[in-house]
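> Before I ask anything, here is the structure I am working with.
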Amino acid sequence: QVQLVESGGGLVQAGDSLRLSCAASGRASTMGWFRQAPGKEREFVATITWRGGGTYYADSVKGRFTISRDTAKNTVYLQMNSLKFEDTAVYYCAASSTTVIGQTGPSWFGYWGQGTQVTVSS
């Protein structure tokens, strides 16, 4: 069983930066971030494998967002730079008990946080 608690969301202006955190209790092999805007489906953002730190990003955030982990704190981060209006969404932390590489579907992840709102004003 893995419990996830996100933090760090907020209201920022376009071009600003924001860092999200996800504290995990329990072991996970892969952790990731998804987001969901109003009226849209949940969308893959990035994943990181816990053991090797391998990362995978959606094309829409590549070069702007960075996912990282702190194994001592059992925490995953999402550093978001050069934020755009279209990045506005509820951001969810996700975890999988298996190693997930290159898969973007939410169904690969069995554990989810409660979500944190990120709002980017244009």
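The values are calculated or read from the model by the stated rules, or taken from the named source; none is laboratory data. Note that the coordinates shown come from a computational prediction; the quantities given were computed from them, not determined experimentally. Here the Cβ positions follow ideal geometry from the backbone for every residue, glycine too, while neighbour counts run over all protein chains shown. Just the protein is used for accessible areas: all its heavy atoms, side chains included, with ligands, DNA and RNA removed. Shrake-Rupley method; radii C 1.70, N 1.55, O 1.52, S 1.80 Å.
> Can you tell me the FRET efficiency between GLN114 and GLN13 if r is taken as the Cβ-Cβ distance and R0 is 25 Å, rounded to the nearest 0.05?
For GLN114 and GLN13, the calculated efficiency is 0.50.
> Taking the Cα centre of the chain as the origin and placing charges on Cβ (Lys, Arg +1; Asp, Glu -1), which of CYS93, THR104, SER25 is farthest toward the positive end of the dipole?
Result: SER25, furthest along the dipole toward the positive end.
> Once you have the Cα-Cα distance between THR104 and ASP59, take 0.36 nm times their residue separation minus that, and quote the gain in nm to one decimal.
15.1 nm
> Which order do the peptides 111-117, 29-35 come out in when sorted by mean C-beta neighbours inside 10 angstrom, highest first?
With the highest mean Cβ count within 10 Å placed first, the list reads 29-35, 111-117.
> Here is a further query. Rounded to the nearest percent, how much of the accessible area of the chain (1.4 Å probe, protein heavy atoms only) is carbon and sulfur?
47 percent
> When a/c reaches 1.5 or more, the comparison of a/b and b/c decides; with that in mind, is the range 67-122 rounded, prolate or oblate per its Cα gyration tensor?
prolate
> Something else now. With label points built 7 Å along Cα→Cβ from the Cα atoms of SER122 and THR71, find their separation and express it in nm.
With each label point 7 Å from Cα toward Cβ, the separation is 4.4 nm.
> Which values of log₁₀ I(q)/I(0), to two decimal places, follow from the Debye formula for the chain at q = 0.12, 0.18 Å⁻¹ with a uniform point scatterer at every Cα?
Debye intensities relative to I(0), on a log10 scale: -0.37, -0.85.
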